[in-house]
Amino acid sequence: MAIYVYGATAQAKMTIDLLERLHMDIAGCIDKSLLLNTILDYPVILNHIPSPNDSYVLAIRNVGLRKRMFEDLNIKQYPIFIHPEACISAHADLEEGTVVFAHVMIGPDVQIGRQVLLDAGAIVHSNSVVEDFVNIGANVSIGSNVLVGEGAEIGANSVIGDEVTIEAYSM
């Protein structure tokens, strides 16, 4: 089964690196840029019709665009990709399309929504909920009993204490 990466920016390069570490068969990147022919030696495809036989990952950092692509594309399932050096509790729940990079730690009783990006070194402690389309930057620490609203963006090196609510689409 081939995997297509939607996007051709820095996020796509990070995602390709992760997929290569997972020994996945990358078919190419899908993007509307006329300036790129390849990205990290993979072809950039301008016009692609999704196939039910292929898998896709949305490597799009912009939460609004990622949500729109997720809703507009007629793709039934997006795999979850987890870096082999991430530590995910057996009691955590991750939903479709979530991408977890190296050294991420997700504790027990954590719920991670659809299409969430967790950058390298991020920590989500126990009893927390991260809703759909959230970006969690590198080395972020999220305490226990935290709610991160849909589409929120938490910048690199941020610390979120216990029992906090991050409003939807906030930065």
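The values are calculated or read from the model by the stated rules, or taken from the named source; none is laboratory data. Since this is a predicted model, take the numbers as computed values, not measurements. Neighbour counts run over all protein chains shown; Cβ positions are idealised from the backbone, glycine included. In case anyone asks, the SASA skips ligands and DNA or RNA and just uses the protein heavy atoms, side chains included. Shrake-Rupley method; radii C 1.70, N 1.55, O 1.52, S 1.80 Å.
Annotations for the structure displayed:
- The HN-Hα couplings worked out from phi for the stretch 35-52 by the Karplus form 6.51 cos²θ - 1.76 cosθ + 1.60 (θ = phi - 60°) are 8, 10, 9, 9, 9, 6, 6, 9, x, 9, 9, 7, 10, 10, 9, x, 10, x Hz, whole numbers, x standing for Gly and Pro.
- Cβ-Cβ FRET estimate between Glu71 and Leu46, R0 fixed at 25 Å, reported to 0.05: 0.75
- From helices alone, the chain scores -4000 deg cm²/dmol at 222 nm; the rule is -39500 (n - 2.57) for each run of n ≥ 4 DSSP H residues, then divide by the residue total.
- If you wrap the stretch 112-166 in the convex hull of its Cα atoms and look at it from every side, the mean projected area works out to 2.8 nm².
- Charge sum, other residues only, whose C-beta stays under 13 Å from Ala156's C-beta, Lys/Arg counted +1 and Asp/Glu -1: -1
- Most fluctuating residue given options Tyr56, Tyr42, Tyr78, as computed from a GNM of the chain linking Cα atoms under 10 Å: Tyr42
- Under 5 Å from the amide H of Ile88 lie the amide H atoms of Ile106, each residue being 5 or more positions distant or on a separate chain, with H modelled from the backbone and absent for Pro and chain starts.
- Neighbourhood charge, 14 Å Cβ-Cβ cut-off, centred on Tyr78 and excluding it, Lys, Arg +1 and Asp, Glu -1: -2
- Between helix 10-21 and the chain: long-axis angle, C-alpha atoms, 0 to 90°, nearest 10: 90 degrees
- Loop-resident GluC sites (Glu not before Pro) (DSSP state other than H, G, I, E or B) in the stretch 56-98 with no more than 12 further Cβ atoms inside 10 Å of their Cβ: Glu85.
- Treating each Cα of the stretch 1-114 as an identical point scatterer and summing with the Debye formula, the log10 of I(q)/I(0) at q = 0.17, 0.21 Å⁻¹ comes to -0.84, -1.23.
- Among beta bridges from DSSP that stay inside the chain, the antiparallel ones total about 5%.
- The Asn127 and His23 beta-carbon pair, evaluated with R₀ = 25 Å, returns a calculated FRET efficiency of approximately 0.15.
- Percent carbon-and-sulfur accessible area, the chain, ignoring ligands, DNA and RNA, probe 1.4 Å: 51 percent
- The chymotrypsin sites (Phe, Trp or Tyr not before Pro) of the stretch 80-171 that meet both conditions, a loop assignment by DSSP and at most 15 other Cβ atoms within 10 Å of the site Cβ, are Tyr169.
- Average accessible surface for the chain: 49 Å² per residue, computed with a 1.4 Å probe over protein heavy atoms with every protein chain in place.
- Residues with amide H under 5 Å from that of Thr98, placed H, sequence gap 5 or more: Phe81, Gln115, Val116
- Seen from Val104, the other residues with C-beta closer than 13 Å to its C-beta sum to a net charge of -2, counting Lys and Arg as +1 and Asp and Glu as -1.
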